[in-house]
Amino acid sequence: MAINLKEMSAAQDLLAPGHRLCAGCAESIVVRQVLHAVGQPVVVASPTGCLEVSTSPYPYTSWRVPWIHNAFENVASTISGVETMYRSLVKQGKLEDKGIKFVVFAGDGATYDIGLQFLSGALERGHKFLYVCLNNEAYMNTGIQRSSATPLGAWTTTSPVGDAVPGKRENRKDITAIVAAHDIPYVAQAAPHAWRDLMTKAQKAISADGPSFINVLVPCQRGWRHPAEETIAITKLAVETCVWPLYEVVDGEWKLNYRPSPKKPITDWLQSQGRFRHLLTPENTHIVDSLQEIVDRQWDKLLERCKA
Amino acid sequence: MVSQKVKGKPVALDGDRAVAEAIRQMNPDVVAAYPITPQTEIVMRFSEFVANGEVVTEFIPVESEHAAMSACIGASAAGGRAQTATAGAGLAFMWEVLWVASGTRLPIVMHVVNRSLSAPLNIHCDHSDSMGARDAGWIQLYDETVQEAYDNAIQALRIAEHPDIMLPTLHALDGFILGHGVERLELLPDDAVRSFIGIYEPQHPLLDVDHPVTYGPMVLTDYFFEYKRQQAAAMERALEIIPQIGEEYGTFTGRYYGLMEGYRLEDAEFATIALGSTAGTIKTVVDELRDQGVKAGLLKLRCFRPFPATILAEALGDKKAIAVLDRSLSFGAQGGPLFLEVITALFTHGLSPKVLNYAYGLGGRDIVPARIHQVYKDLIEIDREGLTESSIRYLGLRE
Ligand SMILES: Cc1ncc(C[n+]2csc(CCOP(=O)(O)OP(=O)(O)O)c2C)c(N)n1
Ligand code: SF4
Ligand SMILES: [Mg+2]
């Protein structure tokens, strides 16, 4: 099951080229990485969002594997239904057991916000599927609105920067820990620049006996305001600043996968994207300080959990 | 197909249990459901069937009705039979995905135990819930008795899965009145039900990994309209197919079903139109009036979606006066949902008899024979004196 670059480069992409995602969008990168790692036979589900609208404009489709979209909030229930039907038909001998794997690719809006109840329900019921959150920290498909994954201070179109309010007032919530609290077999955070780490995680996740979840940071050059070619460099920066730690929770055991050295200051991260530009002015240093403090506190807590 | 009459087993059951029995006999591959009064008994009873190994069904105890319908959509697209049951707020909570189910042409079967919609909170029967879903692209049948709840539950599957239809189908039974009302009915032998429903052959199952399909694409201005037109055409075809399936059902049960049932209607001068259990009460009143020499009749509508406008107009064309009984309100409209359909059917068939509209039974308000007598009295009066005001009449309201 080792990740082999040579084999990978020869294998066919399960997401065909020609889709309509923006240049430099990390969503397709992660989808291809995960599907390479998971392999066939696989059935994929996606909620409404950039990935869905960009890959399924009728009469075209970019999906070389069975794929279903239902609505924005309910992808976890949809895959629950598909997976359960598979079990039922196999049990009855109506379908051959081909070892089909079930994978969800869902945005942060669909995961952190409108779909949280559905996700929680599916995790609690224990359906066997891998849920990949494509986390670009906002509702990109509808034009960059804030979500509960959007960090403190970030500009979005519903947390605009004005004279009275300097961007988003609240910090993002820790959905990875919320999912881990469901005590499912496999939970992880990953990023596309660390492709071997991400793909290994996808393989571990899909072979877990039960639901699994990987939260992947996927830069959106439109929403984050960075040059399209910097996508991968930016996810690396997120990890080096501890804004996006790479770790996994295997059967309840927390494990750190990468420790940056030295840990870069939050300002490096903020400087890389236009959505934070306003924070780098003298009157907003207190927000930068808060962000650094939050990152430090959460990093320490993570180290503690990982006994690292 | 069963062609010979089979012997049913007489039992006394309430509507919820009868429906649960029907689901057990249909033995769907997947059921996803969530409890809500007055449907809860169906989920509880069915959970027992699962626990006792009496069905092959995989039951998904979802965390909400929205998830129930969402999971049914996934399960049905995957390539097997999926069913659910709900009521009132639960159906309202599904609203968005009811459209996904029909737009994706998934033959899901849903059992609705009618309940009013909040606010104020009320658990009793009216038709606000299913009428709220009337434009969602689902076929809708209404049950008069517990026997019909059972029979319609089974026929719903055949209707939904008919290759010329492929639309989700619901049947509705009045909450508490039928849902919790114990009646005598005949249950079919399991094998008769199984051979009537046959084996399901999915057309493009998602689980066919050798032939990958994309379900739920984005369809914009170039094709969306054509997509919807096809859905409308399937509804139109259902008007022909539903009675064929009802006929086939009759050949082995002795209980034949059409789109509507006329009760002493043919030679009637005064007719009422109703859905659901109220039809039973009206039949009693019709008999009483007939004994008194009043030519009363009833048109019981079984199928509300698609709406059988032509046969309805044909059956009502010669009546002196007609009353349409609506168990829900459409606030600000010129009548209840049933009334508006009936009026349109009459008008488009060149008929303009005198028609009254009654709202009744909201939130479970009892509809007793005396009230129905009042309706026929009104009809006789407007026939004699003319129709002076056309506003909705509220039957049984405390004023
Ligand atoms: C019930 C519902 N509410 C709102 C929308 C509008 N909507 C579609 S996609 C979307 C945001 C998607 O954000 P996310 O899940 O983060 O995915 P992204 O596009 O960022 O990849 C919204 C708000 C919808 N389709 N359905
Ligand atoms: S808007 Fe952002 S998330 Fe959407 S396709 Fe473009 S880069 Fe990707
Ligand atoms: Mg997003």
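Data overview
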item: Residues that are among the polar types (S, T, N, Q) and in a helix (DSSP H, G or I), drawn from region B:71-97; result: B:76
item: Restricting region A:130-151 to residues that are open to solvent by less than 10 Å² (accessible area, probe 1.4 Å) and among the β-branched types (Val, Ile, Thr), the residue that is nearest to ligand 1 (Cβ to nearest atom); result: A:150
item: Yes/no for residue B:169 being closer than 22 Å to residue B:21 by Cα and buried (at least 23 other Cβ atoms within 10 Å of the Cβ); result: yes
item: Subset of region B:191-244 (residues that are within 30 Å of residue B:9 (Cα to Cα), more than 14 Å from every other protein chain (Cβ to nearest Cβ) and hydrophobic (A, V, I, L, M, F, W, C)); result: B:192, B:193, B:196, B:197, B:241, B:242
item: Residue tally, condition open to solvent by less than 60 Å² (accessible area, probe 1.4 Å), of a type outside the set (Asp, Glu) and in a helix (DSSP H, G or I), over region B:229-269; result: 17
item: Residue match in region B:60-70 (condition: open to solvent by less than 30 Å² (accessible area, probe 1.4 Å), facing another protein chain (nearest Cβ under 10 Å) and assigned to a loop (DSSP other than H, G, I, E, B)); result: yes
item: Options A:142, A:61, A:78; residue that is under 22 Å from residue A:209 (Cβ atoms) and out of contact with any Leu (no Cβ under 7 Å at 6 or more places or on another chain); result: A:78
item: Given (1) part of a loop (DSSP other than H, G, I, E, B); (2) closer than 20 Å to residue B:231 by Cβ; (3) facing another protein chain (nearest Cβ under 9 Å), index of the condition residue B:135 fails; result: (3)
item: From the options B:48, B:41, residue that is away from every other protein chain (no Cβ under 14 Å), touching a residue at least 60 places away in the same chain (Cβ under 8 Å), farther than 20 Å from residue B:199 by Cα and assigned to a helix (DSSP H, G or I); result: B:41
item: Selected residue [basic (Lys, Arg), more than 11 Å from ligand 3 (Cβ to nearest atom), farther than 13 Å from residue A:223 by Cα and away from chain B (no Cβ under 14 Å)] from A:169, A:125; result: A:169
item: Test result for residue A:54, closer than 28 Å to residue A:146 by Cβ, within 16 Å of ligand 2 (Cβ to nearest atom) and either facing another protein chain (nearest Cβ under 8 Å) or not aromatic (Phe, Trp, Tyr) (or both); result: yes
item: In region B:22-38, the residues that are of a type outside the set (Val, Ile, Thr) and either outside any helix (DSSP H, G or I) or under 10 Å from residue B:62 (Cβ atoms) (or both); result: B:27, B:28, B:29, B:32, B:33, B:34, B:35, B:38
item: Matching entry among A:110, A:180, A:154 (being near ligand 1 (Cβ under 10 Å from one of its atoms) and either at pLDDT 95 or above or touching a His at 6+ places or on another chain (Cβ under 7 Å) (or both)); result: A:110
item: Region A:233-268, residues that are open to solvent by 20 Å² or more (accessible area, probe 1.4 Å), touching a residue at least 60 places away in the same chain (Cβ under 8 Å) and β-branched (Val, Ile, Thr); result: A:250
item: Condition broken by residue B:162, with the remaining ones in (1) out of contact with any strand residue (DSSP E or B) (no Cβ under 9 Å at 6 or more places or on another chain); (2) within 13 Å of chain A (Cβ to nearest Cβ); (3) of a type outside the set (A, V, I, L, M, F, W, C) satisfied; result: (2)
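The values are calculated or read from the model by the stated rules, or taken from the named source; none is laboratory data. These numbers come from a predicted model, not from an experiment. Heads up, the Cβs are rebuilt from the backbone with ideal geometry, glycines too, and the neighbour counts pull from every protein chain shown. To get the accessible areas, we keep the full protein, side chains included, count just its heavy atoms, and leave off ligands, DNA and RNA. Shrake-Rupley method; radii C 1.70, N 1.55, O 1.52, S 1.80 Å.
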